[in-house]
Amino acid sequence: MDETRRSEKATAVAAWEALFRAQVTVMRALNAEFPGGEISFNEYDVCFNLSTQPGRRCRMRELTGHLLLTQPSVSRLVERLTARGIVEKQPDPTDARGVIVALTAHGFDVYRSVAVQHAQTIADQVGAGLSDTELRTLTELCTKLRVAAGSTAPRRGARVTATPDPATV
């Protein structure tokens with residue numbers, strides 16, 4: 001492998017490491033300061049994702065794809081939210097095997113109440129060390145990275161390994 005390619009690889013690994021560590025640090029702070037009186041951090045994530053969908057509803061499979069949880073964990077989470085009247089499950093009219101998860105009016109009110117407080121914490125954490133220009137640049141870069149990574153997603157069943165050490169790449 002030539003030196004240029006090795007350097008590009010090491011730079012990409014270092015960028016990933018910085019992004020990953022920043023994300024973990026911010027997520028820990030957001031989780032610690034989350035206003036979790038009515039819903040947990042993960043339950044908020046379900047409500048947030050449903051709130052962004054047309055009609056505040058989507059198929060369970062699509063919802064699972066938006067979350068960083070396994071399908072069984074999402075199913076249990078949705079069951080708890082259903083029991084509290086925050087979401088409701090409906091049969092999918094286009095697929096008898098599918099389930100639609102919908103945010104109820106009560107659920108949307110709970111989500112909105114928490115979202116206002118959570119947004120302030122996000123602004124405090126993410127905006128703490130970055131200017132408005134840097135925040136816009138970060139948004140653009142993260143979007144670009146997400147789109148690029150989505151187009152080169154690993155094949156189903158491919159093993160995902162730990163982050164390599166930049167010194168050995």
Accessible-area order for 27, 60, largest to smallest, probe 1.4 angstrom, reads 27, 60
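Using only alpha carbon pairs under 8 Å that are at least six residues apart, calculate the relative contact order of the stretch 30-107 and give it in whole percent.
This gives 30 percent for the stretch 30-107.
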What percent does the relative contact order of the chain come to when contacts are Cα pairs within less than 8 Å and at least six residues apart? 28
Do me a favour and compute the ellipsoid semi-axes for the chain from its Cα gyration tensor, root of five times each eigenvalue, largest one first, whole Å. 34, 22, 14
Considering only 85, 125, 74, whose Cα is most displaced toward the positive end of the charge dipole of the chain, charges sitting on Cβ of Lys, Arg (+1) and Asp, Glu (-1)? 74
With a 1.4 Å probe and all protein chains left in place, how much accessible area per residue does the stretch 74-151 have, in Å²? 64
For the stretch 51-99, just say rounded, prolate or oblate: build the C-alpha gyration tensor, square-root its eigenvalues into a ≥ b ≥ c, call rounded for a/c under 1.5, and beyond that prolate if a/b exceeds b/c, oblate if not. rounded
What is the distance, in nm, between label points placed 7 Å from the Cα along the Cα-to-Cβ direction at residue 79 and at residue 14? 4.8
For the chain, the percent of accessible surface on carbon and sulfur atoms (probe 1.4 angstrom, ligands and nucleic acids excluded) is 56
Could you sort 119-129, 74-84 so that the peptide with the highest average Cβ count within 10 Å comes first and the rest follow in order? 74-84, 119-129
Quick one: 3J(HN,Hα) in Hz for the stretch 96-101, Karplus 6.51/-1.76/1.60 with θ = phi - 60°, rounded, Gly and Pro as x. 4, 7, x, 10, 9, 10
Exposure rank, largest accessible area first [34, 48; 1.4 Å]: 48, 34
Once all protein chains are kept in place, residue 66 shows an accessible area at probe 1.4 Å, nearest 10 Å², of 90
Can you sort 97, 28 by 1.4 Å-probe accessible area, starting with the largest? 97, 28
Given the protein chains as shown and a 1.4 Å probe, how many square angstrom of residue 52 are accessible, to the nearest 10? 80
Between residue 59 and residues 5 or more places away or on another chain, which pairs have amide H atoms under 5 Å apart, with H built 1.01 Å from N, and which residues are they? 101
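The values are calculated or read from the model by the stated rules, or taken from the named source; none is laboratory data. Remember, it's a predicted structure, so these values are computed and weren't measured experimentally. Backbone-built Cβ (ideal geometry, glycine too); neighbour counts: all protein chains shown. The protein model used for the area step is the full one, side chains on, heavy atoms only, and it has no ligands, DNA or RNA in it. Shrake-Rupley method; radii C 1.70, N 1.55, O 1.52, S 1.80 Å.
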